[in-house]
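K.L.:
Okay, handing you the structure first.
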Amino acid sequence: MAATAWTGPEVAVTGLGVVSAAGIGVATSWERVCAGLPTAATDPELAGLPVDFSCRIPDFEPQDHLDPRSLWRMDRTTQLALVAANEAIADAGLDPAVWDGARVGIVLGTSNGGGGTLEREHTRLVHEGPEWISPLVWVMAPVNMLAGSLAIELGAHGPNLVTATACASGPTAIATAAQFLRADMCDVVIAGGAEAPITPMAFAGLYQMGALSQRTTAPAQACRPFDSDRDGMVAAEGAGILVLERSADARARGARIRARIAGYGASADGYHLSAPDPTGTHAEAATRIALATAGVSPGDVDHVNAHGSSTPLNDITEGQMLRRVYGDRPAVTSTKGVTGHALGAAGAMEAAFTVLSLENGLIPPTANLECQDPEIDVDVVAGDARKAHVDVAVTNSFGFGGQNAVLVISAA
């Protein structure tokens, strides 16, 4: 059955929060993303591994941003999410101290959850014994605790859950949050994703499966989406949070509406554990569903923030799918050239960047794109950021297991 346009209350984005390798906070991250300055660098915590570089958040000290009394019971993933959430909530003009918590939901995406905590505690188990294991490991590491911990910190008592659709987790969370609002299950939803996967075990595993770039002598040039010379992704940490409300509610309280969540499509390749279906059939289906639910045609789309992971298979599959759906009209970018690939947080961060493109009429360049793969025949922005009038934008996220998620975001 063909998808039809969403009906019911319009869903607005009223707040943004970002913590990324490009910087702490929306303004800092956006500035570096628009400058096209890569962040990948040699990482001392990965010393001795075949791939020893990452996109780590610079100068991030949790105690500078969060109550030290809470930090000891949070995995780094949760810390990143809470910092971004605090920024987004303040940006939306909301105050957890006075809001009706029963009407506030939290839906967050992550791929690895508290994997860093598990890795650390396993090391203790092996080297120091079971008596040294933290009694908090089972309230820090499970993926659900990402949303659960934020509910505790923010006094949010509405629907609370985590989506885990690999690198599509953030858009899945945002779309789920929008449906909660449309169903009147809550009035405000804190939605997005967070990930802190820069650990030796995670990187060793990604290296063994051939997912990582191996440009160890030039890490800043390693993540090069859509470039002929790409050889893999650069893993990153980060968080992206959007505050969502019904547009009518936001207007009633005098809030600024930054953009609208207009449509969403999802599908599964059902093809391979880690590789995309090379035909792009099901990614295309998710795209067409997203456009249909938004009530727009491919010709209405001005900009696509692509998944653009810098892996040989993903980029060509996505690029050819984009050509089939849109032709050469929309300006395409991948902000991963700057931020790296933050796995379950990537799509949420990119949703925030897409909102900023809509607001500012500015499309960031795809960093390190020097020679576009001739098999990818779309208009990829490179070199400098491009001024453009953007009314309708799409952001793509594709993950291991063949998870496909596509969001349509439109101007306020």
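Here, each number is a calculation from the coordinates, and none is a lab measurement. Bear in mind that the values here come from a model prediction, so they are computed numbers and not experimental data. With ideal geometry, Cβ positions are generated from the backbone for all residues, glycine too; neighbour counts draw on all protein chains shown.
K.L.:
If neighbour count is taken as other Cβ atoms inside 10 Å, put F226, F203 in order from fewest to most. Walk me through the intermediate numbers first.
P.N.:
Values: F226 27, F203 23.
If I rank by nearby Cβ atoms, fewest first, I get F203, F226.
K.L.:
Can you list the equivalent-ellipsoid semi-axes of the stretch 138-245, largest first and in whole Å, using the square root of 5 times each Cα gyration tensor eigenvalue?
P.N.:
Semi-axis lengths for the stretch 138-245 are 33, 17, 11 Å.
K.L.:
Which shape class applies to the stretch 11-252: rounded if a/c is under 1.5, otherwise prolate when a/b exceeds b/c and oblate if not, where a ≥ b ≥ c are the square roots of the Cα gyration tensor eigenvalues? Display every interim value, and only then the final one.
P.N.:
Values: a/c = 2.01, a/b = 1.36, b/c = 1.48.
The shape class here is oblate.
K.L.:
Which of the three applies to the stretch 264-411, rounded, prolate or oblate, going by the alpha-carbon gyration tensor with a ≥ b ≥ c and a/c under 1.5 meaning rounded?
P.N.:
Working: a/c = 1.43, a/b = 1.17, b/c = 1.22.
Note, shape of the stretch 264-411 comes out rounded.
K.L.:
Using Cα-Cα distances under 8 Å and only pairs 6 or more residues apart, what relative contact order does the chain have, in percent?
P.N.:
Values: 1152 pairs, mean separation 100.5, N = 412.
Reported as a whole number, the value is 24 percent.
K.L.:
With +1 on each Lys and Arg Cβ and -1 on each Asp and Glu Cβ, and nothing else charged, work out how big the dipole of the chain is about its Cα centre, in Debye to the nearest 20. List each step's numbers first, then the result.
P.N.:
Details: 25 positive and 45 negative charges, 133 e Å.
Once rounded to the nearest 20, the dipole reads 640 debye.
K.L.:
Can I ask one more? Normalised by the residues of the stretch 1-93, what does the relative contact order come to in percent, with Cα pairs under 8 Å and at least six apart? Provide the component values of the computation, followed by the final result.
P.N.:
On the way: 94 pairs, mean separation 34.9, N = 93.
Across the stretch 1-93, relative contact order equals 37 percent.
K.L.:
Another question, then. Would you work out which of G270, A252, L291 lies farthest towards the positive end of the dipole of the stretch 252-292, given +1 charges on the beta-carbon of Lys and Arg and -1 on that of Asp and Glu, about the Cα centre?
P.N.:
It is A252.
K.L.:
Going 7 Å from the Cα of R182 along its beta-carbon direction, which residues of the stretch 315-347 have the amide nitrogen within less than 13 Å of the resulting point?
P.N.:
none
K.L.:
Loop-only GluC sites (Glu not before Pro) in the stretch 331-412, please: DSSP not H, G, I, E or B, and at most 16 other Cβ atoms within 10 Å. Walk me through the numbers before you get to the answer.
P.N.:
Values: sites: E350, E359, E370, E375; in loops: E370, E375.
Passing both the DSSP loop test and the Cβ count: E370, E375.
K.L.:
Shifting gears a bit: What net charge is computed for the residues neighbouring R120, neighbours being all others with C-beta under 13 Å from the C-beta of R120, Lys and Arg scored +1, Asp and Glu -1?
P.N.:
With Lys, Arg at +1 and Asp, Glu at -1, the net is -3.
K.L.:
With only alpha-carbon atoms counted, please give the Rg and Dmax of the stretch 15-155, in Å.
P.N.:
Both quantities, over Cα of the stretch 15-155: 16.9, 50 Å.
K.L.:
Let me spell out the model: positive unit charges on the Cβ of Lys and Arg, negative unit charges on the Cβ of Asp and Glu, origin at the Cα centre of the stretch 264-411. What dipole size does that give, in debye rounded to 20? All intermediate terms of the calculation are to be shown ahead of the outcome.
P.N.:
Working: 7 positive and 17 negative charges, 49 e Å.
The dipole of the stretch 264-411 has a size of about 240 debye.
K.L.:
Thinking of the stretch 215-280 as a set of Cα atoms, what percent of all their pairs are more than 14 Å apart? List each step's numbers first, then the result.
P.N.:
Working: 1652 of 2145 pairs.
Cα-Cα pairs of the stretch 215-280 separated by over 14 Å account for 77 percent.
K.L.:
Okay, next question. What dipole magnitude, in Debye to the nearest 20, does the stretch 344-386 give about its Cα centre under +1 on Lys/Arg Cβ and -1 on Asp/Glu Cβ? Kindly include the intermediate steps, with their values, before the conclusion.
P.N.:
Numbers: 1 positive and 8 negative charges, 48 e Å.
For the stretch 344-386, the charge dipole is close to 240 debye.
K.L.:
Another one. Could you work out the relative contact order of the stretch 264-411? I mean the mean sequence separation of Cα pairs under 8 Å and 6+ apart, divided by the number of residues, in percent. Walk me through the numbers on the way to the answer.
P.N.:
Details: 319 pairs, mean separation 52.2, N = 148.
Relative contact order, the stretch 264-411: 35 percent.
K.L.:
With N set to the number of residues, divide the alpha-carbon radius of gyration of the chain by 2.2 N^0.38 Å and report two decimals. Before the final figure, lay out each step's value.
P.N.:
Values: Rg = 19.8 Å, N = 412, 2.2 N^0.38 = 21.7 Å.
Normalised Rg, Cα atoms only: 0.91.
K.L.:
What are the residues whose amide H is under 5 Å from the amide H of A382, where those residues sit 5 or more places off or on another chain and H is modelled from the backbone?
P.N.:
For A382, the qualifying residues are T366.
K.L.:
Mean Kyte-Doolittle of at least 0.0 and a Cα length of 18 Å or more along the axis: which whole DSSP H helices of the chain meet both?
P.N.:
Values: long enough: 76-91 (23 Å, 0.34); 115-128 (19 Å, -1.16); 169-182 (20 Å, 0.44); 281-294 (20 Å, 0.41); 312-326 (21 Å, -0.59); 346-360 (21 Å, 0.75).
Helices passing the filter in the chain: 76-91, 169-182, 281-294, 346-360.
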